[in-house]
Amino acid sequence: AQTSQTNWGELIRAAATNASLKHIYWPEIERVVAEQIRSARMGLGKGAWQLFVEDGEMKMYRREVEEDGLVVDPLKATHQVKGITGRELCHYFFYPEYRYDWEGTLETMNVVDKIAEDTILFHQIHKRIWPAAQRDATFWSHLTHVPDEEEKSEDSPHIWATVNNSVELPSHPPNSGKQVRIYLTIILMGQTIISPAAKGRELKRDDITCKITYCAVVNPGGWAPSSVLRAVYKREYPKFLKRFTAYVLEKTKNLPIKL
Ligand code: 16C
């Protein structure tokens, strides 16, 4: 079984493209992605997580944290969706061509650099929330997969993850226009569970369930009233996870299963 001893860095490196491995960001990508996978897999054991949304299989927990008077409450959400794989989940989250279809907080999204097939740099401007200033973000996004050693069989599907993490881009200096820069670290992870009943026959969408973990820490970067901020994320995180998973279900329902 995987333990805290698991060398996530090695597993992430094994999945990465050469173009990503050669990029100057790689050491940071490897470190942050490893840390995010480790903590996403840890469950709710450590830290005082409080449940604040429960809707069917979807559960959302937060910790109330403030830094320099700003709300930065970490979020941890779990969900289970029948009919999609972890790979499909992360595919639609990672690739920019789908983002406007499901991202409800977006005003504009720009690909600043496609470093590799599995690493992209983004600049996004988000919708303004009154009475705060509009926000923007610059971040790298990395798509990866690691073996699922919890599952006994050799050929069990990998766990897939997309990690988004803020990065300073000289081409897009912070707080230079009318937006305030936000800072984010986000992971979306999907583990595919195959029903034992499917053994020995062709796999159907009914046989698969995706166990989802989504963790986010967003620093608003500048003044925003705490009450407004907490009300906004309480509404926006569940809306996102429901809308996005419904989108992936719809997109994949008539496609061959991609494990
Ligand atoms: O992970 C998600 N999306 C990814 C791809 O876009 C990516 C982006 C994350 C940015 C999330 C922060 C955006 C906040 C901007 C303001 C929100 C406007 C709401 C307008 C409603 C019509 O990783 C899915 C993200 C799901 C949404 C999360 C919302 C979290 C709000 C946290 C508070 C932000 C500070 C706002 C200060 C005024």
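Brief remarks follow.
- Where GluC sites (Glu not before Pro) fall in DSSP loop in region 189-259, at most 10 other Cβ within 10 Å: E202
- Solvent-accessible area of region 141-249 (1.4 angstrom probe, protein heavy atoms only): carbon and sulfur portion equals 57 percent.
- Summary of the geometry: region 228-259 and region 73-107, compared by the centres of their Cα atoms, lie 5 Å apart.
- Overall form of region 35-136 per C-alpha gyration tensor (a/c, 1.5; a/b vs b/c): oblate
- DSSP-assigned coil residues among trypsin sites (Lys or Arg not before Pro) in region 104-188, each with at most 14 further Cβ atoms within 10 Å: K127, R128, K152, K178
- You can think of it this way: the chain between N7 and A133 has 41.2 nm of extra reach, that is 0.36 nm per residue less the Cα-Cα gap.
- Ranked packing of 86-92, 117-123, most packed first, by mean Cβ within 10 Å: 86-92, 117-123
- Taking every full run of DSSP H in the chain, the ones that stretch at least 15 Å from end to end by Cα along their long axis and average -1.0 or higher on the Kyte-Doolittle scale are 26-41, 226-252.
- Only helical runs count toward this figure. For the chain, summing -39,500 (n - 2.57) over DSSP H runs of n ≥ 4 and dividing by all residues gives -8000 deg cm²/dmol at 222 nm.
- What the Cβ-Cβ distance of N219 and D155 gives, at R0 = 51 Å and to the nearest 0.05, is a FRET efficiency of 0.80.
- Per-peptide average of other Cβ atoms within 10 Å, ordering 99-108, 221-230, 159-168 highest first: 159-168, 221-230, 99-108
- Prolate/oblate/rounded label for region 37-76 (Cα gyration tensor, a/c 1.5): oblate
- Gain in span if fully extended, L44 to S227, counting 0.36 nm per residue against the direct Cα distance: 63.4 nm
- Counting only protein heavy atoms and using a 1.4 Å probe, the accessible area of R243 comes to about 110 Å².
- Spin-label model distance (nm) - K258 vs E57, 7 Å beyond Cα toward Cβ: 2.0
- Per residue, in Å², the accessible surface of region 115-196 once ligands and nucleic acids are set aside, probe 1.4 Å: 43
The values are calculated or read from the model by the stated rules, or taken from the named source; none is laboratory data. Quick caveat: nothing in here was measured; it's all calculated off a predicted structure. In this analysis, Cβ positions are derived from the backbone assuming ideal geometry, glycine residues included, and neighbour counts consider all displayed protein chains. All accessible areas refer to the heavy atoms of the entire protein, side chains included, with ligands and DNA or RNA removed. Shrake-Rupley method; radii C 1.70, N 1.55, O 1.52, S 1.80 Å.
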